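**Q** This is the structure, below, for whatever I ask next.
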Amino acid sequence: RHNYSYSLADLMAINPEEFYNELASHGVELFTGVPDSLLKEFCLCVDDRMSKEQHIITANEGNAIALACGHYLAKQSIPLVYMQNSGLGNAVNPLLSLCDPDVYSIPMLLLIGWRGEPGVKDEPQHVKQGKIQIELLNTMDIPFEIISRDSHDFKSKISNCIERAKDENRPTALLIKKGTFDNYSKIVSSIEDQGMKREEALEIILDNLDDDTIVVSTTGKTSREIFEIRDKNNQSHQQDFLTVGSMGHCSSIALGIALAKPHRQVVCIDGDGAMLMHLGSLTSIADLKPNNFRHILMNNEVHESVGGQSTVAKNINLSSIVNSLGASKMFLAESSSELKQKIKEFLFCSEPSFLEVKIQPGSRDDLGRPTINPVENKVSFMKFLEN
């Protein structure tokens, strides 16, 4: 079912199977959360061993905390909730107003990927969160242990956290440093598919936008590819707001701009994982119905930027959800020829419109990252809006 591949850099890393087995030996039988690239190898291992009902990828981290609470109330066993530290913001409310010892006092184990750790190179959106990570956990009064690739005592750290969660009926956390886990490779049979890749679809979309159109793009590879397409075409980046962090919020940013600039066309380029994370924002769009709002969903049914784990978009119809709100004219493109055929009608609607673009997972191995920093992006974008 799986095989292992090692490099010299991996030799000291923690075997994901051993880590999982230690958790299981303490009676952990529910694993839930939102994927993080630092935890990818561990999550692949969990996926191999647990049923769909025991390993649940939720829309956002707050959902996962609440789900874990329900599990504990019903089974009295400690659940595990995993997340990237940037997702801790989504979890703060249920952690403090539901699980905290001053409220319902519900035990669980958090597994948190430490992006932006001071002294470790990372992307700009992770720097602040990484810098205040320890202080934040201390402020929230969540006891924690730090685990790295060199933590030979990781089993005792797991044990300490789980026992303290049980004894004190409270959440505890394992803070996981970059490079902690060894590779865990599942053998997956590849299926040839002629569907579009995201970059191909984005090129078609951008090619059809006029120079006055405002673009707001979601976090992850979508914004990275848009940046590189503009570079390749010798175009300015001023009309694109690249939402490098705050996953799930690009449609609300775009809505705010569309309402403030009613005579400018605003195109929001979203992703399935991001849209699912804060699905409620669709109701504000539907309620306000800005005629200049164009919402594009790039749907590859996975959390691609953090390891390719499936989203629930595999099993539900996101277009049907948007359509049920009754505010947008609906479009669907499943091939490059369909996208080329429908993009102009979508863009020139006299009402809010929604376009789902079905794409295949995957991106170029040499895909870079924006070479301008977020503040530079903001300043040039605001000048573009002013003009």
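The values are calculated or read from the model by the stated rules, or taken from the named source; none is laboratory data. Quantities reported herein were computed from a predicted structural model and do not represent experimental measurements. When we count neighbours, we look across all protein chains shown, and the Cβ atoms used for this are built from the backbone with ideal geometry, even at glycine. Quick note on the areas: whole protein, heavy atoms, side chains included, nothing else; ligands and nucleic acids left out. Shrake-Rupley method; radii C 1.70, N 1.55, O 1.52, S 1.80 Å.
**Q** For labels at residue 232 and residue 312 in the simple 7 Å Cα→Cβ model, what's the distance in nm?
**A** Once both label points are built, they end up 3.5 nm from each other.
**Q** Can you pull the percent of Cα pairs in the stretch 54-187 with separation above 23 Å?
**A** For the stretch 54-187, the fraction of Cα-Cα distances above 23 Å is 32 percent.
**Q** When only C-alpha pairs under 8 Å and at least 6 residues apart count, what is the relative contact order of the stretch 255-312, in percent?
**A** 42 percent
**Q** Once you list every other residue whose beta carbon is under 15 Å from the beta carbon of residue 124, what net charge do they have if Lys and Arg are +1 and Asp and Glu are -1?
**A** Around residue 124, the surrounding residues sum to +3.
**Q** May I ask you to give the average projected area over all directions of the convex hull of the Cα atoms of the chain, in nm² rounded to one decimal?
**A** In nm², the orientation-averaged hull projection of the chain is 19.7.
**Q** Same structure again: Given charges of +1 on the Cβ of Lys and Arg and -1 on the Cβ of Asp and Glu, with all other atoms neutral, how large is the dipole of the stretch 240-343 about its Cα centre, in debye to the nearest 20?
**A** 420 debye
**Q** Which of the peptides 167-174, 17-24 is most tightly packed, and how do the rest follow, judged by the mean count of other Cβ atoms within 10 Å per residue?
**A** 167-174, 17-24
**Q** Quick check: the distance between the Cα centres of the stretch 13-85 and the stretch 270-318, to the nearest angstrom?
**A** When both Cα centres are located, 24 Å separates them.
**Q** Provide the gained length on full extension for the span residue 330 to residue 185, in nm with one decimal, where the gain is 0.36 nm per separating residue minus the Cα-Cα distance.
**A** That works out to 48.3 nm of additional length.
**Q** Return the subset of 289/383; 40/197; 40/358; 75/131 for which the Cα-Cα distance in this structure is over 32 Å, preserving the input order.
**A** Beyond 32 Å between Cα atoms: 75/131.
**Q** When Rg is the radius of gyration of the Cα atoms in the stretch 122-241 and Rh is its Kirkwood radius, what does Rg/Rh come to?
**A** With Rg and the Kirkwood Rh in hand, the quotient comes to 1.16.
**Q** Could I ask something else about it? Using packing as a proxy for protection, rank 51-58, 104-111, 230-237 so that the peptide with the highest average count of other Cβ atoms within 10 Å comes first.
**A** So the peptides 51-58, 104-111, 230-237, ranked by packing, come out 104-111, 51-58, 230-237.
**Q** Ok, one more. Going highest first, how would you order 75-88, 278-291, 366-379 by mean Cβ packing within 10 Å?
**A** In decreasing order of mean packing, 75-88, 278-291, 366-379 become 75-88, 278-291, 366-379.
**Q** I've got another one for you. When the accessible area of the chain is split by element with a 1.4 Å probe, what percent falls to carbon and sulfur?
**A** Ligands and nucleic acids excluded, carbon and sulfur reach 49 percent.
**Q** Work out, in µm²/s and without decimals, the Stokes-Einstein translational diffusion coefficient of the stretch 234-387 at 37 °C, 0.692 mPa s, Rh from Kirkwood over C-alpha pairs.
**A** Here the translational diffusion coefficient equals 199 µm²/s.
**Q** If one takes the longest principal axis of the Cα atoms in the chain, at what angle in degrees, from 0 to 90 and to the nearest 10, does the Cα axis of helix 250-260 lie?
**A** Computed tilt is about 40 degrees.
**Q** Of 86, 214, 227, which is farthest on the positive side of the dipole of the chain, counting Cα position, with +1 on Lys and Arg Cβ, -1 on Asp and Glu Cβ, and the Cα centre as origin?
**A** In the chain, that residue is 214.
**Q** Report for the chain the percent antiparallel among DSSP-assigned beta bridges with both residues inside it, nearest 5.
**A** 10 percent
**Q** Compute the accessible area per residue over the chain, keeping the other protein chains in place, probe 1.4 Å, unit Å².
**A** Ligands and nucleic acids excluded, the result is 45 Å² per residue.
**Q** Between the stretch 216-246 and the stretch 141-177, how many Å separate their Cα centres?
**A** 39 Å
**Q** If the chain between residue 337 and residue 21 were fully stretched, how many nm would it gain, using 0.36 nm times the residue separation less the Cα-Cα distance?
**A** Taking residue 337 through residue 21 to full extension adds about 108.9 nm, to one decimal.
**Q** Then there is this: What number, in percent, do you get for the relative contact order of the stretch 257-387 if the mean sequence gap of Cα pairs under 8 Å and at least 6 apart is divided by its residue count?
**A** The normalised contact order for the stretch 257-387 reaches 26 percent.
**Q** Please name whichever of 169, 108, 63 sits farthest to the positive end of the charge dipole of the chain, dipole taken about the Cα centre and charges placed at Cβ: Lys and Arg +1, Asp and Glu -1.
**A** Farthest along the dipole direction, towards plus: 63.
**Q** Suppose every Lys and Arg Cβ carries +1 and every Asp and Glu Cβ carries -1, with no other charges. What dipole size does the stretch 192-305 come out with about its Cα centre, to the nearest 20 debye?
**A** Taking the Cα centre of the stretch 192-305 as origin, the dipole is about 520 debye.
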